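So the structure is just underneath, and the comments pick up after that.
The values are calculated or read from the model by the stated rules, or taken from the named source; none is laboratory data. It should be emphasised that the depicted structure is a prediction, and the values quoted were computed from it without experimental measurement. Cβ coordinates were reconstructed from backbone atoms using ideal geometry, including for glycine residues, and neighbour counts include every protein chain displayed.
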């Protein structure tokens with residue numbers, strides 16, 4: 001029987017197309033190391049690979065299998081820059097810092113692609129991304145954004161698309177305009193997870209699956225991470241669990257909220273289909289964003305139903321097909337072969353959360369839907385920090401990330417009400 005993630009609903013198309021997925025043992029016994037990493041997604045595995053290559057003795061544990069969380073089940077889109085537009089960051093932080101944050105994100109994009117190439121990881125990269133306006137009044141913002149990116153931030157790859165060009169590139173007339181970015185693209189995320197784990201293991205990192213952390217304590221200059229069958233003692237610790245942290249570490253839990261996001265994969269579309277003829281990925285202007293793309297074999301991978309309640313929907317296929325039909329009426333009866341979900345870690349301002357949450361323990365997460373590109377690079381930045389250079393990571397650590405209001409008891413209901421209000425506003 002095919003493996004099914006115990007923490008995420010539905011078997012993904014990625015799992016059925018990723019090829020061999022090596023299994024790693026669970027931890028049995030105590031360990032001592034230089035750095036212990038909790039979480040085997042993009043951030044943790046990247047950090048383990050870079051640390052091990054630098055000669056650091058590193059142990060990584062994950063409660064389930066690597067990629068069972070958001071890293072192996074997401075939309076696969078890289079994007080450009082930070083989650084917030086560069087001009088929005090300029091308004092908040094000034095031009096110099098906004099430019100530094102943008103340049104850091106561009107380096108993250110280059111790093112991901114170079115890392116995959118250098119380590120011969122086939123990630124099914126496909127170029128191009130369309131960002132589209134679902135309301136007419138947003139079009140001028142997209143037009144201005146394209147101009148600002150070229151003139152102020154030195155990024156010439158974004159161009160404005162009017163309603164006609166947008167419809168032609170999408171194969172849908174439901175949007176009013178947007179931008180086309182030829183400097184980015186989309187990937188098969190689980191292949192990157194599997195490949196990064198292989199790189200880390202080959203470099204000497206000690207990797208353990210199905211090994212949950214039951215607690216983290218920092219005292220006397222040492223960090224102790226307990227598990228059901230052993231304790232790991234280290235000089236430093238990276239917490240890289242993002243949306244799947246639960247109550248493991250209270251500071252991160254107060255700042256990073258999990259929200260459910262769901263994706264459907266169709267059968268391969270007809271060769272004559274007008275849907276995304278250029279093969280770009282797409283994200284739209286809804287607060288409850290819709291994101292979709294075509295795979296290398298011509299399937300439409302459509303994500304569009306974020307869930308802020310505790311329970312997962314009964315039938316992902318029904319909800320995803322309904323949203324596909326809104327944009328592409330000809331696909332109203334298309335067969336959906338896979339429907340799956342997972343949890344994305346968001347912060348209040350939709351900027352990443354990086355903090356030293358206790359002595360010698362750094363937590364990273366809250367990528368807010370921009371983690372394919374950023375999470376891998378943040379693992380590299382953590383390795384730089386262990387090597388003695390924390391300057392670049394400080395750009396992220398110093399971002400203003402407030403805790404979610406309401407405390408542990410009320411923050412989930414308050415978020416549910418607020419985000420459902422935004423979902424309603426998307427439709428007005």
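Key figures for this structure:
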quantity	calculated
Members of the range 147-158 that are in contact with a helix residue (DSSP H, G or I) (Cβ under 6 Å, 6 or more places away or on another chain) and surrounded by 15 or more Cβ atoms within 10 Å (Cβ to Cβ)	148, 153, 155, 158
Checklist (1) buried (at least 22 other Cβ atoms within 10 Å of the Cβ); (2) free of Cβ contacts under 8 Å to residues at least 40 places away in the same chain applied to residue 280, failing item	(2)
Strands (runs of 3 or more DSSP E) (entirely within the range 251-303) containing at least 2 residues that are at pLDDT below 95 and touching a strand residue (DSSP E or B) at 6+ places or on another chain (Cβ under 7 Å)	257-268
Residue within the range 236-245 that is out of contact with any strand residue (DSSP E or B) (no Cβ under 9 Å at 6 or more places or on another chain) and either within 26 Å of residue 342 (Cβ to Cβ) or not in a strand (DSSP E or B) (or both) present	no
Qualifying position, being in a loop (DSSP other than H, G, I, E, B), surrounded by fewer than 17 Cβ atoms within 10 Å (Cβ to Cβ) and free of Cβ contacts under 8 Å to residues at least 12 places away in the same chain, among 117, 173	173
Breaking point among (1) part of a helix (DSSP H, G or I); (2) surrounded by 23 or more Cβ atoms within 10 Å (Cβ to Cβ), for residue 103	(2)
Cross-chain or 6+ apart pairs with Cβ under 6 Å, the range 380-400 first and farther than 16 Å from residue 105 by Cα, then modelled with pLDDT of 95 or more and surrounded by fewer than 16 Cβ atoms within 10 Å (Cβ to Cβ)	none
Identity of the residue in the range 360-408, assigned to a loop (DSSP other than H, G, I, E, B), under 16 Å from residue 245 (Cα atoms) and in contact with a helix residue (DSSP H, G or I) (Cβ under 6 Å, 6 or more places away or on another chain), that ends up modelled with the lowest pLDDT	404
Filter result for the condition that a residue is within 14 Å of residue 253 (Cβ to Cβ), at pLDDT 95 or above and surrounded by fewer than 23 Cβ atoms within 10 Å (Cβ to Cβ), over 357, 348	357
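Okay, residues lined up against (1) touching a residue at least 12 places away in the same chain (Cβ under 8 Å); (2) more than 16 Å from residue 225 (Cβ to Cβ); (3) part of a loop (DSSP other than H, G, I, E, B):
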| site | (1), (2), (3) |
| --- | --- |
| 36 | yes, no, no |
| 45 | yes, yes, no |
| 49 | yes, yes, no |
| 59 | yes, no, no |
| 68 | yes, yes, yes |
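Matching residues to (1) surrounded by fewer than 16 Cβ atoms within 10 Å (Cβ to Cβ); (2) farther than 23 Å from residue 51 by Cα; (3) modelled with pLDDT of 95 or more:
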{"site": "214", "(1), (2), (3)": "yes, yes, yes"}
{"site": "224", "(1), (2), (3)": "no, no, yes"}
{"site": "228", "(1), (2), (3)": "yes, yes, yes"}
{"site": "236", "(1), (2), (3)": "no, no, yes"}
{"site": "239", "(1), (2), (3)": "no, no, yes"}
{"site": "242", "(1), (2), (3)": "no, no, no"}
{"site": "246", "(1), (2), (3)": "yes, yes, no"}
